[in-house]
Amino acid sequence: MKAYERLLRYTSFNTVSDSDCDSSPSTPEQLNFARYLAEELTALGIEASANEFGYMYAHIPSNAARGVPKVGFIAHLDTSADAPSENIRPRLITNYDGGDIILENGQVLSPAEFGVLSSYKGCDLIVTDGNTLLGADDKAGIAEIVTMAEYLVKHPEFKHGDIAIAFTPDEEIGRGTKHFDLQTFGADFAYTVDGGSFGQVQFENFNAASATVTVSGRSIHPGNAKYKMINAISVAVELDSMIPADARPQNTEGYEGFYHPTSIEGTVEKATLKYILRDHDAEELIKKKATVMRAAARLNEKYGGQVVTVGISDSYRNMADIVSRRPEILQLARRAISSAGGTPVSDPIRGGTDGAALSYMGLPCPNLGTGSHNHHGRLEFACVQEMDKCTEMLIAIAGLAAQ
Ligand SMILES: [Zn+2]
């Protein structure tokens, strides 16, 4: 079976995760899907099982010489809550003509806006009907890993080392590694298959922190407020105006970090303003935290006393510090991409990945492309031929690691 056929089948599982639910996994459908995948792998003759937390582990024993590394492949079961995921109806477009793709609901997938489409002229695409996301993030990754596994067991003449597979829940809500069992997984290093274009080998992600700014105002009847009232709402807005306007998500790309206000709520007496702070450079992130603290200090000076307080907490770190010490892991992926006919590209991830957390837990774990794009929205799509290439790449990694 081809990877895209698996993706089409997997989209029937609505595996949206739920950040408001504390259980693991956060939604029962993820557990159903994990069990389904364990059965699918078991039917292929692979040892696989899903545990109560919704983690599915599988192992394929080595048929190569002893002493070769055990390589892991990881993808996530859940899909984003940022777009509807109920009743996904994927559409296969064969021999894409390179023009606009009209979906329902007035949604248009246009190469003018999404340049990568131009390179897919003549390919087959999987798109949504315009009412939901596709869930190729990360079911394309799962489909490719399962298709790789099928290839390995059906081609005993193809030499590979021990292979570990994990499908994890709740990645989209930041809990993908909460119950990850490194011992059960057992790999020496791994790859998350959770990126965009075929050819991506990502190993740099943001350093991340969040800041909560709390403003305590002083309420006075507005008729008698002159020189007396401190309006917490106004002070919160004032603080935001002191944060560099060009260092916002809407004005940054590549290696540029940002300050991103994610919520503001308030009354005259009390206002709370939340930011996420991001930078690939750890030193720069420290400076960003200092900028927020300095703005608060200036306002306290201006208004007298502790009007503004700031709480800062770290979220995740750039895996580059870990992975760059193991260049052979990146090299292996790059050789596999070349052997599958691609060009390796290492663009920085403008976010975090489970691989970052795993890298700091002792399992170096860069991220690879899946051949899908526009994740988390109705315009999400996957390219059939790129998914095939990604599968080829995974098979090549398994083979090259055993040489
Ligand atoms: Zn993902």
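The values are calculated or read from the model by the stated rules, or taken from the named source; none is laboratory data. The structure displayed is predicted, hence computed values, not measured ones. Backbone-built Cβ (ideal geometry, glycine too); neighbour counts: all protein chains shown. Quick note on the areas: whole protein, heavy atoms, side chains included, nothing else; ligands and nucleic acids left out. Shrake-Rupley method; radii C 1.70, N 1.55, O 1.52, S 1.80 Å.
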| task | Mind jotting down the distance between the C-alpha centroids of region 120-187 and region 283-348, whole Å? | result | 26
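Give the calculated FRET efficiency between ASP18 and LYS226 to the nearest 0.05, with a Förster radius of 41 Å applied to their Cβ-Cβ distance. Show your work: numbers first, answer last.
Numbers: r = 48 Å, r/R0 = 1.18.
So, using R0 = 41 Å, E works out to roughly 0.25.
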| task | Can you send over the carbon and sulfur percentage of the accessible area for region 331-375, probe radius 1.4 Å, protein chains only? | result | 50
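Carbon and sulfur together cover what percent of the accessible area of region 207-316 at a 1.4 Å probe radius?
Numbers: 3180 of 6150 Å².
Of the solvent-accessible surface of region 207-316, carbon and sulfur hold 52 percent.
Loop-only trypsin sites (Lys or Arg not before Pro) in region 58-133, please: DSSP not H, G, I, E or B, and at most 10 other Cβ atoms within 10 Å. Can you show the working numbers first?
Values: sites: ARG66, LYS70, ARG91, LYS121; in loops: ARG66, LYS70, LYS121.
Sparse-neighbourhood loop trypsin sites (Lys or Arg not before Pro): ARG66.
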| message | For Cα pairs less than 8 Å apart in space and 6+ apart in sequence, what is the mean separation divided by the residue count of the chain, i.e. the relative contact order in percent? | response | 24
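Between SER219 and THR262, what FRET efficiency follows from the Cβ-Cβ distance if R0 is 30 Å, with the result rounded to 0.05? If you can, show how the numbers build up before the last one.
On the way: r = 26 Å, r/R0 = 0.87.
That gives a FRET efficiency of 0.70.
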| request: Could you tell me what percent of the DSSP beta bridges with both partners in the chain are antiparallel, to the nearest 5? | output: 75
| In the Gaussian network model of the chain, springs joining C-alpha atoms below 10 Å, which of ARG350, ARG298, ARG35 carries the largest mean-square fluctuation? | ARG298
| task | Could you tally up the Lys pairs in region 207-316 with alpha carbons closer than 29 Å? Skip any pair fewer than 8 positions apart unless they're on separate chains. | result | 17
| Accessible surface ranking that places the most exposed of ILE165, ILE395 first, with a 1.4 angstrom probe | ILE395, ILE165
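Taking the solvent-accessible surface of protein heavy atoms with a 1.4 Å probe, what is the per residue accessible area of region 182-328 in Å²?
On the way: 7570 Å² over 147 residues.
It amounts to 52 Å² per residue over region 182-328.
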| If you keep only loop residues by DSSP, which GluC sites (Glu not before Pro) in region 67-154 have at most 13 other Cβ atoms within 10 Å of their Cβ? | GLU86, GLU113
| query | How big is the accessible area of ASP82 in square angstrom, nearest 10, if you roll a 1.4 angstrom probe over the protein chains? | reply | 120
| If you line up the long axis of helix 282-303 against the longest principal axis of the chain, both from Cα atoms, how many degrees apart are they, to the nearest 10? | 20
| query | How far is helix 384-400 tilted, in degrees, relative to the longest principal axis of the Cα atoms in the chain, given as a value from 0 to 90 rounded to the nearest 10? | reply | 70
